[in-house]
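Participant: Sending over a structure as structure tokens; questions will come in a sec.
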Amino acid sequence: MVYRQGPINNFIVDFYLSIHKLIIEVDGDTHYEDNAIEYDQQRTDILQSYELKVIRFTNH
């Protein structure tokens, strides 16, 4: 099953494919500012610590 805009811990992920333990994030322009890059990396590290795979795409 694919979940859209679903919560995992304190985060809202764009898409979550539970059977594959896969999170898909679609990043807009604000994700490429310095503070957002650092925050996204910390967030990815936390999600990966739950044995989830995170992949990111630009919204372009």
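No lab work stands behind these numbers, since they all come straight from the coordinates. Only a predicted model underlies this, so the values are computations on that prediction, with no experimental measurement involved. Cβ: placed from backbone, ideal geometry, glycine included. Neighbour counts: every protein chain shown.
Participant: Give me the extension gain from residue 49 to residue 15: residue separation times 0.36 nm, minus the current Cα-Cα distance, reported in nm with one decimal. Kindly include the intermediate steps, with their values, before the conclusion.
Facilitator: On the way: separation 34, 0.36 × 34 = 12.24 nm, distance 1.77 nm.
Additional length available on full extension: 10.5 nm.
Participant: If you don't mind, there's one more thing I want to ask. Which chymotrypsin sites (Phe, Trp or Tyr not before Pro) does the chain hold that lie in a coil by DSSP with at most 14 other beta carbons within 10 Å? Please report the intermediate quantities before stating the final value.
Facilitator: Details: sites: 3, 11, 15, 16, 32, 39, 50, 57; in loops: 50.
Those that pass, being in a loop and sparsely packed, are 50.
Participant: If one computes P(r) from the Cα atoms of the chain, what percent of pairs lie at distances over 13 Å? Present the calculation step by step, with values, prior to reporting the outcome.
Facilitator: Details: 1083 of 1770 pairs.
So the portion of pairs separated by more than 13 Å is 61 percent.
Participant: Relative to the longest principal Cα axis of the chain, at what angle does helix 34-49 sit, 0 to 90 degrees, rounded to 10?
Facilitator: It works out to around 20 degrees.
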